[in-house]
Amino acid sequence: MEQQRRSLPPLQLASTSLSLGGSRQGLQLPGCGLQCGTSDAASRRQPPTCSAGGGGGGSKRSGQARGTQQGSGSGGKGGARFNFSSRAIRFGIGAGGGAAAFFGGSGLAHAHPLWPLRPAAGAPKQPRDGKTRVLILMSDTGGGHRASAEALKAGFEELYGDKYHVDVLDIWTHHTPYPFNQMPKTYSFLVKYGFLWRAAFNAWQPRVVHVPCSTASSVVVGRRVSEAFDIYQPDLVVSVHPLMQHVPLRIMRMRIKNGMQPPTNFATVVTDLTTCHNTWFHPGVDRCYVATEASLNQALRLGLKREQLRLYGLPIRPAFGRAFPAKPKLRKALGMALDKPAILLVGGGEGMGPVEKTVDGVARHIGADCQLVVICGRNAKLVEKLKNKEYPAGMHVLIKGFVTNMPELMSASDVIITKAGPGTISEALICGLPMVLNAFVPCQEEGNIPYVTENKVGVFEKSPERAAKIIRGWFGERRAEFEEMGRRCKAIAKPHALFDICRDLNTLVR
């Protein structure tokens, strides 16, 4: 056997080595029509058979004669497949092959010939229970993507009850290898040093960069992502993350082309307001939902057609669209003072930002003339520190950690101090809550500041001292301007965006 192996050409030698531990192996080389096939029993006794034909037809006949699994592609020249213990891997070698078509003619089809197609045998599939299955793709890079995903899930449940089964999946974390599965940690590190995030954001913007890089990523993560589709068996795929278009959509389309799943629509729900990253907008999606005219125009510039686009707003939790009791009754239930204007200071899920300095500024410049509700998120040290502070006599201060009743807290407040996150801005608009924006994530949140200031629903002020003075004016001599801001918030809010999106997504289910 060893002597026989040494006498084989390199291609046959590789095929023989691969077949020793597998079940049934097959290789078709697009472009040249060369095909190899073997089986478990035969691989132990003889080298794999090879034949060359002038085109796809000759190879196909040869492959069928030897029980070879066929690769798919254009005109029988599509890529080849190995089946490593029921894991099929698609090859694209040579111009005009299936992988070259898959990569959109990219030279990466040759630079990265290995594309994993099929999931591992025996992957635990979710049971088909007669419900329509929606798979929402997100990543925990910031809290807004998961919040939008959970809002969509709640919207489907409220509108359609048991008709839908909705899964929310961080596909990069749970279905890709290292280092792709470190995306949330990488994002947190880059955002911590804003100049690094700005450099990464801008470097990834050009299509000439992110398309080839996404193609190369598909080569590495393809099998694992394909496993996810096999496990969740979606009837509709929805992305709420800018890096969930190019790779999952490419892999899903290849699965459909190869008969691995039925035709499935793919939709994007853009969760940024204005300065969106270009990777949000893939011309191949079936639907793209945007929140503002600015993002709609950006999508059109990047090749999407108007009929693909819907301008509805951001998907915000259904609770924000519900009617709450009158403010005095709500404040009493929340333990707030009934007779003082309320400032809601939000530090995000992790209690980050200049929270303590802002508390000090409000205490110094407004003091007993207001009440302050501080949301510290999961930052237990900050909660303890603020609770142990001394405040001016008569100033009502409520310190909270992570909360789940933000709709009630916003509805009971008069003004909010927060960073320029798109979700929080949209929630504040629905509640008619004027804003003081005190921070932003570089790039994607920068455009939210002019969106707020130009619509005259808030201001941007990084200084805690000046922010407190602005609010003191709103509660005093500038009260009329402040009340007009609240009316403008209601005027530009889109409280029904969530249900508009869910109803339209319902029409995409095949």
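The values are calculated or read from the model by the stated rules, or taken from the named source; none is laboratory data. Please read all numbers here as calculations on a predicted model, not as lab measurements. In this analysis, Cβ positions are derived from the backbone assuming ideal geometry, glycine residues included, and neighbour counts consider all displayed protein chains.
For segment 235-258, enumerate the residues that are over 15 Å from residue 287 (Cβ atoms) and either in a loop (DSSP other than H, G, I, E, B) or among the small types (Gly, Ala, Ser) (or both). Result: 241, 258.
Taking residues in segment 138-160 that are free of Cβ contacts under 8 Å to residues at least 60 places away in the same chain and buried (at least 17 other Cβ atoms within 10 Å of the Cβ), and partners anywhere that are in a loop (DSSP other than H, G, I, E, B) and not hydroxyl-bearing (Ser, Thr, Tyr), the pairs with Cβ atoms closer than 6 Å and at least 6 places apart or on different chains are 146/140. Within the option set 325, 248, being out of contact with any His (no Cβ under 9 Å at 6 or more places or on another chain), at pLDDT 90 or above and of a type outside the set (S, T, N, Q) holds for one residue only, 248. In segment 472-504, the qualifying residues are those that are within 38 Å of the chain's Cα centre (by Cα) and among the small types (Gly, Ala, Ser), and the one that is nearest to residue 153 (Cα to Cα) is 497.
Here residue 220 passes the criteria (1) assigned to a helix (DSSP H, G or I); (2) closer than 20 Å to residue 140 by Cα; (3) not basic (Lys, Arg) except the one numbered (2). A single entry from 238, 208, 166 fulfils the requirement of being under 29 Å from residue 303 (Cα atoms), surrounded by 22 or more Cβ atoms within 10 Å (Cβ to Cβ) and either among the hydrophobic types (A, V, I, L, M, F, W, C) or more than 14 Å from the chain's Cα centre (by Cα) (or both): 238. Selection of segment 169-205 for residues being more than 18 Å from the chain's Cα centre (by Cα), more than 18 Å from residue 144 (Cβ to Cβ) and not aromatic (Phe, Trp, Tyr) yields 196, 198, 199, 202, 203.
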